[in-house]
Amino acid sequence: DVTVQKYGGKVPYHRRPVTGKEYVDINTLIQQELRKAPRFLDACCESNGTDLAILTTAPRGFKSGDRTTWFVLFHGVAGTGYYLSPVGLEVLVEHGDLHVSCWRLHQVFYNGQYFASMGDLEDAFVANLLEVIRIKKPQAKAVLGSMRPRHPPGSPGPLQYEPQGPRYSIRDNRITFQGWSITFGMNPNSGPRLFDIRYHGERIVYELSLQEALALYSSNCPGGMSTRYLDGSFGIGRFAYELVRGLDCPYTATYVDRHYLAESETPKTNQNSLCIFEHDAALPLRRHFSDSQSLYYGGLRKKTLVIRAISTLINYDYIWDFMFHSSGAVEVQVHATGYISSSFLHGQGTDYGNRVGPHTLGTMHLHHIHYKVDLDVDGQLNSLETQDMEYKLVKDPWSMQNTIERPYLRRERLEREDEAAFLLNAPMPRYVSFASPKPNKWGHPRSYRIQITSFAGEHLPTSSPMERSISWGRYQLAVTRRKEEEPTSTSIYNQNDPWTPTIVFADFINNETITNEDLVAWISVGFLHVPHAEDVPNTVTVGNGIGFFLRPYNYFDEDPSVDSPDSVYFSSEQDTGACGANPLACLPPAVACAPHLPPFHYGGFLNL
């Protein structure tokens with residue numbers, strides 16, 4: 001039994017993710033119940049209920065075995081996101097019984113008050129015992145959050161293209177580019193994953209994979225305050241749809257189909273849902289202008305290979321980037337965009353976010369993302385080393401009556417897993433490296449450094465009964481010994497039973513030795529998001545990017561980008577306008593013609 005083998009026992013059926021069919025049956029039940037309050041719905045929302053959008057929350061209850069979900073109702077307007085138009089009505093549905101006929105609406109919330117049923121809500125309205133906020137049905141042209149253009153298109157902006165075609169090559173699911181070699185894939189649950197990342201033939205990373213994306217909300221409405229989305233349970237890879245050429249990725253990027261099997265007996269295809277391109281950052285990777293002793297200029301443009309996918313998880317869109325630099329560095333980044341989720345503004349709502357519309361509260365939330373990084377630095381056996389600076393007060397050797405604060409480098413090798421579990425938002429050594437036992441030319445261990453860029457919110461308190469299901473979030477970085485029986489930090493079953501989680505990441509950390517072992521780095525990045533007026537219609541990617549670098553640290557004997565054929569060097573004694581002396585001078589004749597662009601086509605609305 002592979003389930004018993006993987007999880008150590010049977011997985012209870014109540015932990016299963018909610019399927020599309022189950023949501024259809026729930027919506028049918030909610031529509032039946034809404035018909036019990038026709039006068040209230042007409043007064044509050046100018047609706048009979050059939051045109052209201054219904055949004056799920058998760059998890060679904062308070063203890064193992066519960067399957068009771070708050071659903072939030074919004075005005076639905078064709079052609080725009082409904083997430084900014086809550087009507088103030090939320091319903092609690094019990095749907096744990098295996099017989100749909102036994103499901104029931106358990107509770108109703110409206111504008112700060114709770115009712116046992118829609119009938120009770122209707123009675124309170126008829127008896128004039130209910131404060132109703134009358135919201136007109138929004139019109140498509142004036143709805144809050146419309147993304148329709150307000151002006152006709154202007155002249156085209158800058159366009160990036162390859163004058164002589166792509167400089168990378170793709171064969172099946174393997175990419176090669178200027179010394180890099182990467183195998184790429186997409187897990188329908190956990191999303192993008194890369195394997196066997198090599199630079200100039202040497203493996204650096206065995207596995208680099210997204211594990212989970214957590215969105216934890218606050219509100220004074222029940223749906224918002226109880227929401228802790230674990231997006232892997234919904235399907236980070238499954239909902240990575242077709243990319244829009246020229247906007248989601250450069251127009252001339254290479255677009256690749258991804259396939260998955262979920263809720264079907266036949267595979268499904270997300271066409272053009274992953275893109276690969278070379279990116280010119282319009283920034284030098286390195287450069288120097290010499291104005292003394294001898295006059296020369298040398299430099300290299302920062303160009304990277306990018307592998308990208310974008311997942312739409314209900315309201316949010318996550319842009320997943322994996323970038324490969326000619327310096328031997330790997331950069332991983334995620335940007336959040338799309339619509340914020342919102343609650344109906346009532347009472348002390350602004351204690352939990354900002355008002356962003358007439359009746360809309362943009363609710364405070366955090367995004368925490370987890371990655372697995374199985375580094376193999378010059379072989380599988382590595383150790384973890386840290387370095388940081390301290391000041392030491394010393395006497396000046398040349399003037400003993402005076403002192404100087406001299407920085408010195410504090411080096412340490414961490415011996416056990418407990419030492420290598422760095423709590424979220426706690427101080428951490430600035431240099432943390434996977435080190436090989438083999439030295440480089442200068443006698444230092446060949447290493448790769450982990451450098452994290454994150455603005456994470458606060459992790460859920462460990463006293464919470466569901467905290468163990470997201471215990472990976474306790475740590476900004478945790479390094480453990482690699483084990484076949486610990487392939488992932490979470491499970492799709494953790495969402496609907498976080499109180500008895502199927503996988504508990506914290507149990508991976510059991511103080512085993514990590515010296516000269518096959519090690520894995522588990523990295524958490526995140527940010528706190530307090531929505532504001534400028535999040536309408538969409539959250540922008542500016543300032544909402546987080547991630548990490550894997551940077552060579554004494555791995556090479558010098559910067560490997562010196563071997564790049566794109567390097568530029570010329571001196572004052574040369575004719576800088578001559579193509580033979582300066583490759584930049586070769587560009588005008590080489591790129592005299594505009595590129596031939598393929599016709600625009602988009603099939604992303606098919607097969608939803």
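Quick notes on this one:
- Remark: spin-label model distance Q574-T266 equals 6.0 nm, labels positioned 7 Å along the Cα→Cβ axis.
- Calculated FRET efficiency for the pair T312/L381, C-beta based, R₀ 30 Å, to 0.05: 0.15
- If only the Cβ of Lys and Arg carry +1 and only the Cβ of Asp and Glu carry -1, the dipole of the chain around its Cα centre is close to 560 debye.
- Convex hull of Cα atoms in region 444-596, direction-averaged projection (nm²): 18.2 nm²
- Amide N of region 115-152 lying under 12 Å from the label point, which is placed 7 angstrom from the Cα of E46 along Cα→Cβ: 134-143
- Region 234-343 - Rg over Rh from alpha carbon coordinates, Kirkwood radius: 1.16
- Length, then width, then depth: along the principal axes, the Cα atoms of region 519-608 run 57, 46, 33 Å.
- If R0 is 60 Å, the Cβ-Cβ spacing of A533 and D396 corresponds to a FRET efficiency of close to 0.60.
- Whole-number accessible area per residue in Å² for the chain, which is evaluated in the context of all protein chains at 1.4 Å: 48 Å²
- Were the residues from L423 through T513 laid out at 0.36 nm apart, the gain over their Cα-Cα distance would be 30.5 nm.
- Distance in nm between pseudo-label sites at Y602 and Q32 (7 Å out along the Cβ direction from Cα): 3.9 nm
- Projected label distance in nm at K6 and S155, using a 7 Å step from Cα toward the beta-carbon: 5.6 nm
- Where the Cα pairs of region 27-145 fall when distances are cut into 10 Å bins, in %: 13, 44, 31, 11, 0
- When the Cα positions of T488, A478, P437 are compared along the charge dipole of region 410-493, P437 comes out farthest toward the positive end, with charges on each C-beta of Lys, Arg, Asp and Glu.
- Under 17 Å from the Cα of K302 - aspartates and glutamates, other chains or at least 8 residues apart: E162, E278, D280, D321, E331, D559, D563, D566
- Positive-end residue, region 1-56 charge dipole about Cα centroid, Cβ charges, pick of S47, V2, L29: V2
- Estimated FRET transfer efficiency (K21, H99; beta-carbon r; R0 22 Å; 0.05): 0.95
- Evaluated over region 344-404, the Cα radius of gyration and Dmax, each in Å: 27.3, 71
- Hull volume in cubic angstrom per residue (convex hull over the Cα atoms of region 472-513): 84 Å³
- Positive dipole terminus of the chain, leading residue within T403, M147, G232 (C-beta point charges): M147
- Cβ-placed point charges (K, R +1; D, E -1), dipole of region 130-202 about Cα centre in debye, nearest 20: 600 debye
- Only DSSP H runs of four or more residues enter the estimate; each adds -39500 (n - 2.57), and after division by the residues of the chain the mean residue ellipticity at 222 nm equals -2000 deg cm²/dmol.
- Binned Cα-Cα distance frequencies in region 303-459 - 10 Å width, integer %: 8, 22, 25, 20, 14, 7, 2, 0
- Estimated translational D of region 149-283 in µm²/s (Stokes, Kirkwood radius over Cα pairs; 20 °C; 1.002 mPa s): 120 µm²/s
- Taking a straight line from the alpha carbon of K63, these aspartates and glutamates sit under 18 Å away, with near neighbours fewer than eight places off in the same chain left out: E94, D97, E467, D497.
- Length-normalised contact order for the chain - Cα pairs under 8 Å, 6+ apart - percent: 14 percent
- For the pair region 416-488 / region 541-583, the C-alpha centres are spaced 30 Å from each other.
- Tail fraction, Cα-Cα pairs, region 395-492, threshold 22 Å, whole percent: 52 percent
- Taking trypsin sites (Lys or Arg not before Pro) across region 402-451, the ones in a DSSP loop with at most 14 further Cβ atoms lying within 10 angstrom of their Cβ are R430, K441.
- Carbon/sulfur fraction of accessible area - the chain, other protein chains in place, 1.4 Å, %: 53 percent
- Gained length - N173 relative to T68, 0.36 nm times residue gap less alpha-carbon distance: 33.6 nm
- Listed residue pairs exceeding 30 Å between alpha carbons, taken from K395/K441; K441/K483; K303/K441; K268/K303; K137/K268: K395/K441; K441/K483; K268/K303; K137/K268
- Mean projected area in nm² (Cα convex hull; one quarter of hull surface) for the chain: 35.2 nm²
- Difference of contour (0.36 nm per residue) and Cα-Cα distance, S567 to Q348: 72.9 nm
- Segments 200-206, 158-164 sorted - mean Cβ within 10 Å per residue, highest first: 200-206, 158-164
The values are calculated or read from the model by the stated rules, or taken from the named source; none is laboratory data. What you see is a predicted model, and the numbers here were worked out from it, not measured in a lab. Counting neighbours? That spans all protein chains shown, and the Cβs are built from the backbone with ideal geometry, glycine included. SASA here: full protein model, heavy atoms, side chains in, ligands and nucleic acids out. Shrake-Rupley method; radii C 1.70, N 1.55, O 1.52, S 1.80 Å.
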